[in-house]
Structures are given as structure tokens and as C-alpha cells.
1. If you take the residues of region B:64-92 that are at the interface with chain A (Cβ under 8 Å from one of its Cβ atoms) and among the basic types (Lys, Arg), which of them is farthest from A:ALA44 (Cα to Cα)?
2. Starting from region A:4-17, take each residue that is more than 11 Å from chain B (Cβ to nearest Cβ) and list its partners that are outside any helix (DSSP H, G or I), counting only C-beta distances under 6 angstrom and pairs at least six apart or across chains.
3. Give, as residue ranges, the helices (runs of 4 or more DSSP H) completely inside region B:23-118 that count at least 2 residues that are at pLDDT 95 or above, in contact with a His (Cβ under 8 Å, 6 or more places away or on another chain) and farther than 18 Å from A:LEU12 by Cβ.
4. In this structure, does B:LEU45 turn out to be open to solvent by 50 Å² or more (accessible area, probe 1.4 Å) and more than 9 Å from chain A (Cβ to nearest Cβ)?
5. Given (1) charged (D, E, K, R); (2) within 11 Å of chain A (Cβ to nearest Cβ); (3) open to solvent by 60 Å² or more (accessible area, probe 1.4 Å), where does B:GLU61 come up short, assuming only one miss?
Amino acid sequence: MYWRRESLDADLERELRSDIELEAEEQRENGLSPEAARYTAERAFGNTALVAEQVREAWGYAWISQAFQDLRVAVRLLGRNRGGAPSPARRRPGSFSVSTSTSAWPTVWPGLDRHLGSTQSSWVDGCPVEASAGQDLHRLQTVLGTPGTRQPDIGTQSMRRLWLGVVPGSRARG
Amino acid sequence: MLIEPSDRIQLLQGTLDMLILRTLLFGPAHGHQIAKHVQHTTEDLLQIEHGSLYPALHRLERKGWIAGRWQPAAKGLTREFKYYRLTAAGKKQLAREESNWKRMAEAIARVMRPVKEG
């Protein structure tokens, strides 16, 4: 299935590219310079990445891309958090904490709570103070949807079981 | 007459598939040709967005109503485009959609221009 998807992706890219080139050619015939023609053609086509994503949805493969993305974020998150929880001293006032409720982590990833510890990464206006762990937590939170809620239509089954709790305020739980 | 983008009308849900299938009744065409054909035929009133066209083409291909194949634009040319052609199942689907469209248009016309009694 993966190789088929790769082949379809390559085919789609070729199709979009050839049609954009044709549009640019027509614009050149209308008197535009090659650069302007190319720019106009690309504008006419809009966001090709978005078009490709919509086509993938039509194929029914969009969930695979989403699952891979979820998995990548989760693996990176695990890898960067092996060093333990960030120091509370590095937190800034006015931030709010993203805490991982270890009791709510899925049983499908045994030991995940050990990797994360009682992790509490600090954020300032949505930007991580602890860049590495915080950024990935933020991404994971984005993937999972609104913190503290379960999103029924995203990611794989295991990812759906994840739960993140956000504790507003400057003081993190000790 | 040049149609301003704001004057263009939105396609009704489901009519894009019918327009694509109808266009392909004339013969195989690639995405760009299909979009241009609809635009020219409607004198610029309808302009198919590429964000709608390509997903529709691939959805129709997946349903087996059209079939895509890479081939040169003309004999002797090496440059290839993905040409779509209507399949037998696509012709049947087009007939169904045309029939539904006529019924829908008649129903709307009855509401918009009711027959005067007496």
C-alpha cells in the first residue's frame, strides 16, 4: 500500500507540474515574461500542497499521512524527553504549564510515563521556554486537539488515547 | 464580455462531477483542458478552481467513471499529459446525473416562475 501511495503521489505531482507548465506557456503566449507567466500560472493553481492533500483524501490515503505525522511527533517527543523533566527554575512568570497526566497515558505504550516523568514544560504565549520538549508537546497537543478533550477523528487508535491536561497560571504543579 | 471574479457563480454541490463527465464526452482531455473548456463554454461565468478539479478527477477515476492515461499532446511530441477519458460506467453515470439535473432544474423553475392560475 505504501509503495502504491508513493507512486500515486509521484503521478499527481507530475500531473500538477505539467498542467502548471502548460498554463505558464499560455501566459507567455499572451505576452507575459517567462517569470511573470510562471508566477501567474502558480497563482492560478493556488496551493499545490493543499490540492495534493485534497486529492489524497479522495484516494482515502490521507489518514496514513496523518498517522505517520502523529507517530513522528510521538517518537521525537519520547527521544527528547529521556533526559528528564525541565528545571522549574527555567520557567518564566506569566507562562502556563502543559502537564502530562501519567495516569491517563495509554497502556499501549508501557513506560511512557517513565520517559516523560512528571513532565511540566513551560510556555509563554504559546511559545515553549524549554524549546525541545516544549515544542514537541505543543505539536502533540495541536495534533490531539483541544487540551483536556478527546478528539474522535484524528490519528491512530493509540494516539487517540493520549490525553493532555493544561493547567493555566504561572505556577506549575510541584 | 469579461466576467469579474465577484460576478462568477458558485457551482452547485455535485454539479462539478457532471460537468467533468460531460466535457469528457467530447473526447479525452487533461485537467487543464477540462477547466478551460468549462470556462470558455460558460463565457467565463464558471471557473473551476484547481483545488476542486483535481480531487474531483481523482475521485471520479477511483469510482471507475473516468480513466487516466499519460500520453503525448500530439503525434511526434514527447511531452506528455495525463488524459482522462470517459468509461462505459462513466457514460451511465453521466446519463443519471443529467436526468437528475433536469428534474432539479424543472423543480426550481416551478418555484421561481409559478404558473398563474385562472
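The values are calculated or read from the model by the stated rules, or taken from the named source; none is laboratory data. It should be emphasised that the depicted structure is a prediction, and the values quoted were computed from it without experimental measurement. Because the Cβ atoms are built from the backbone with ideal geometry, glycine has one as well, and the counts that use them run over all protein chains shown. Ligands, DNA and RNA are excluded from the accessible area calculation, which covers all protein heavy atoms including side chains. Shrake-Rupley method; radii C 1.70, N 1.55, O 1.52, S 1.80 Å.
1. Filtering first and then ranking leaves B:ARG79.
2. Hits for this filter: A:ARG5/A:TYR61.
3. Values: elements: B:31-41, B:50-63, B:88-112.
Passing ranges: none, list empty.
4. Details: open to solvent by 50 Å² or more (accessible area, probe 1.4 Å): yes; more than 9 Å from chain A (Cβ to nearest Cβ): yes.
So B:LEU45 fits the description; yes.
5. Condition (3) is where B:GLU61 drops out.
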